[in-house]
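To start, the structure itself, in structure tokens.
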Amino acid sequence: MTRSARSHPTADHRASTMKIAIIGTGYVGLVTGTCFAEVGHEVTCVDNDVRKVEMLRAGGIPIYEPGLEELVKQNVAAGRLRFTASTAEGVEQSQVIFIAVPTPPLPDGGVDLSFIEKVAREVAAAMTDYKIIVDKSTVPVKTGEKVAETIRRYCKAKVEFDVVSNPEFLREGFAVEDLMKPDRVVVGVAGERPVAAMKEIYTPFKAPIIVTDISSAELIKHAANSFLALKISYINAISVICEASGANVQEVANGIGMDARIGRRFLDASLGFGGSCFPKDLSAFIRIAEQLGYDFRLLKEVQRINADQMERFVKKITDTLWVLKDKTLGVLGLAFKQNTDDVRMSPAIDLCQRLLKEGAKLRVHDPQAMEKAKALLPTDGQVTYVADMNAVADGCDALVVATEWPEFKRVDLERAKRGLTHPILFDGRNLFDPAEMARLGFIYKSIGR
Ligand SMILES: NC(=O)c1ccc[n+]([C@@H]2O[C@H](COP(=O)([O-])OP(=O)(O)OC[C@H]3O[C@@H](n4cnc5c(N)ncnc54)[C@H](O)[C@@H]3O)[C@@H](O)[C@H]2O)c1
């Protein structure tokens, strides 16, 4: 369990109890539901994936998230957290219903809102008295209006309801910490009625609660994620200039990051960002802007810089190793970032696929994501999954770092050196010190240094 989550004083918050349903028990829904239960609310987590519900009921956890398993167990045991596959059951038992289903990208960059629409219909059909329906999924501006319209249309009981936008800002890998100690809580409403209930839900988290109109709340989420992606692409662009001029991007990031107006976070140069949120939220925001008559060229450039960063990294590898066909590369990391088993839109998986396309064989390791990666990487014997990170380099022509898991910093480099045909390491996450790598005798290529 993370220190922040453990140190959170929960018992004294358990005075107020709201009955809450969370529809969609994935990365966001499960962690949100669990943290709501942890502060005393009565939570029913709903998912239409029956196997997931069965697994959770049997004490299993479908995702890896530090601190989550313990918290789920405690709250299930305390009777505050339950799981069901029935939306109707969740709606019946709750005053407030959160929607946390996927909003995947469409081929044109827009957002597939069919999951949201389906849940809105299901919730509407089950409503028999006043409910607050809260959208926690990341959605385009104006989705709240559509959800309200859908519920009005499909609610046979014709009861009153309010729709609220409450975007989620958690980071995978730190989700429990982020949920328990949010920087702020954004609540977008169309009127005063649902505000008290939303405040009751969130008061135990002791964070500033910002109440806005629904459109502003929806925009806050896309604007926030786009800004963070922009920060990453900014430092990645600086890394290119650093490489060309012999400067060190980490020194530059430290130097500018200590300016409180800028901040050091999200200024780590790398092979690029990925994951289930940034790429899709960026394309969505560009598309939304386009539909509203604005060409968001700034964000298109953010995407381009990110794509270039991967190309540059692959080129570093091919420039050094020349032909990849019949070579074996060791890859450390498959998850899209540290502390998670999530491989959706992972740059590490993208990199593996590019290397495989060049004809390389791979020996890969990830502390948590190997099972999920198996579904995305070819099963034709070109990829070997290695349980011990220290054994990845054995028999390889080079070692590649693709995810910033902190434990990779402790990989046995002496052993790696012995295992490699020649000591070559490509570091897509700047985990190692170039001077130390030179001392150890490695040909070491990182980003912007
Ligand atoms: N993952 C993140 O870090 C993160 C952070 C902030 C916001 N978000 C947003 O939150 C939303 C959910 O993301 P996620 O990563 O939790 O997705 P996820 O895929 O991990 O979970 C979604 C869950 O919803 C379930 N589901 C789908 N349709 C359903 C239905 N009709 N009824 C009940 N359950 C249903 C799925 O089975 C799945 O378990 C997305 O809009 C995402 O953009 C994600």
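The values are calculated or read from the model by the stated rules, or taken from the named source; none is laboratory data. If you're wondering where the values come from, they're calculated on a predicted model, not measured in any experiment. Cβ sites come from the backbone with ideal geometry, for glycine too, and all protein chains shown count toward neighbours. Keep in mind that these areas ignore ligands, DNA and RNA; they rest on the heavy atoms of the full protein, side chains included. Shrake-Rupley method; radii C 1.70, N 1.55, O 1.52, S 1.80 Å.
What are the principal axis extents of the Cα atoms in segment 209-328, in Å, biggest first?
56, 36, 25
Given the alpha-carbon gyration tensor of the chain, what are the semi-axes of its equivalent ellipsoid in whole angstrom, ordered largest first, with each equal to the square root of 5 times an eigenvalue? Walk me through the numbers before you get to the answer.
Working: eigenvalues 348, 113, 84 Å².
Output for the chain: semi-axes of 42, 24, 21 Å.
Which whole-number percent of Cα pairs in segment 360-449 have a distance greater than 15 Å? Display every interim value, and only then the final one.
Values: 2384 of 4005 pairs.
Within segment 360-449, distances greater than 15 Å cover 60 percent of Cα pairs.
So which of Lys19/Lys131; Lys19/Lys146; Lys131/Lys199; Lys327/Lys357 end up more than 18 Å apart by C-alpha? Display every interim value, and only then the final one.
Details: Lys19/Lys131 11 Å; Lys19/Lys146 25 Å; Lys131/Lys199 15 Å; Lys327/Lys357 12 Å.
Result: Lys19/Lys146 exceed 18 Å.
Just the number, please: Stokes-Einstein D of segment 28-129 in µm²/s, Kirkwood Rh from C-alpha pairs, 20 °C, 1.002 mPa s.
Numbers: Rh = 14.5 Å.
Result for D is 147 µm²/s.
Around Val76, with a cut-off of 9 angstrom between Cβ atoms, what is the net charge of the other residues, counting Lys and Arg +1 and Asp and Glu -1?
On the way: positive: Arg57, Lys73, Arg80, Arg82; negative: none.
Neighbour charge sum, excluding Val76 itself: +4.
Counting just the Cα atoms, what span does segment 316-356 cover along each of its three principal axes? Round to the nearest Å and put the largest first.
In descending order, the Cα extents are 32, 17, 14 Å.
Helix 143-154 against the longest principal axis of the chain: what's the angle in degrees, Cα atoms only, rounded to the nearest 10?
40 degrees
What percent of all Cα-Cα pairs in segment 389-441 falls in each 5 Å bin, counting up from 0?
All Cα pairs, binned at 5 Å, distribute as 4, 22, 33, 29, 11, 0 percent.
Convex hull volume of the Cα atoms in segment 299-449, per residue, in Å³? Working shown, then result.
Working: hull volume 16.4 nm³, N = 151.
About 109 Å³ per residue, rounded to a whole number.
Using mean Cβ contacts within 10 Å as the protection proxy, how do 169-179, 130-140, 292-302 order, highest first?
Details: 169-179: 21.6, 130-140: 23.5, 292-302: 13.5.
Those peptides, ordered most packed to least, come out 130-140, 169-179, 292-302.
Taking a quarter of the surface of the Cα convex hull of segment 307-382, what do you get in nm²? Don't jump to the answer; show the numbers that get you there.
On the way: hull surface 19.3 nm².
That works out to 4.8 nm², a quarter of the Cα hull's surface.
What ranking do 48-56, 337-345 get when scored by the average of other Cβ atoms within 10 Å per residue, highest first? The partial results should precede the final answer.
Values: 48-56: 15.4, 337-345: 22.0.
By packing density, highest mean first, the sequence is 337-345, 48-56.
Rank-order 400-408, 70-78, 20-28, 191-199 by packing density, defined as the average count of other C-beta atoms within 10 Å over each peptide's residues, highest first. Mind dumping the intermediate values first?
Details: 400-408: 22.9, 70-78: 17.4, 20-28: 26.6, 191-199: 14.9.
Ranking the peptides 400-408, 70-78, 20-28, 191-199 by packing returns 20-28, 400-408, 70-78, 191-199.
Lysines within cross-link reach of Lys73: Cα-Cα under 18 Å, excluding same-chain residues under 8 positions apart?
Cα-Cα hits under 18 Å: Lys52.
What residue among Gly246, Gly395, Gly333 has the largest mean-square fluctuation in a Gaussian network model of the chain, using Cα springs under 10 Å?
So, out of Gly246, Gly395, Gly333, the one fluctuating most is Gly246.
With the full set of protein chains in place, find how many percent of the accessible area of segment 219-291 is carbon and sulfur; take the probe as 1.4 Å.
Carbon with sulfur: 63 percent of the solvent-accessible area.
Where Lys and Arg each count +1 and Asp and Glu each count -1, what net charge lies around Ile209 among other residues with Cβ under 9 Å from its Cβ? All intermediate terms of the calculation are to be shown ahead of the outcome.
Numbers: positive: Arg184, Lys199; negative: none.
Every neighbour counted, the sum reads +2.
Rounded to the nearest percent, how much of the accessible area of segment 47-95 (1.4 Å probe, protein heavy atoms only) is carbon and sulfur? Write out the running numbers ahead of the final one.
Working: 1220 of 2520 Å².
Of the solvent-accessible surface of segment 47-95, carbon and sulfur hold 48 percent.
For segment 248-382, what percent of Cα pairs sit more than 21 Å apart? Don't jump to the answer; show the numbers that get you there.
Numbers: 4895 of 9045 pairs.
Beyond 21 Å sits 54 percent of the P(r) for segment 248-382.
With every protein chain kept in place and ligands, DNA and RNA left out, what is the accessible area per residue of the chain? Probe 1.4 Å, answer in Å². Walk me through the intermediate numbers first.
Working: 19690 Å² over 449 residues.
Heavy-atom accessible area per residue stands at 44 Å².
In segment 126-171, carbon and sulfur make up what percent of the accessible area (probe 1.4 Å)?
Details: 1010 of 2050 Å².
Of all accessible area on segment 126-171, carbon and sulfur atoms account for 49 percent.
Go through Ser245, Ser94 and list them by solvent-accessible area, largest first, probe radius 1.4 Å.
The most accessible residue leads, giving Ser245, Ser94.
Which one, Ala260, Ala369, Ala207, has the greatest fluctuation when you compute a Gaussian network model over the chain with C-alpha springs under 10 angstrom?
Ala260
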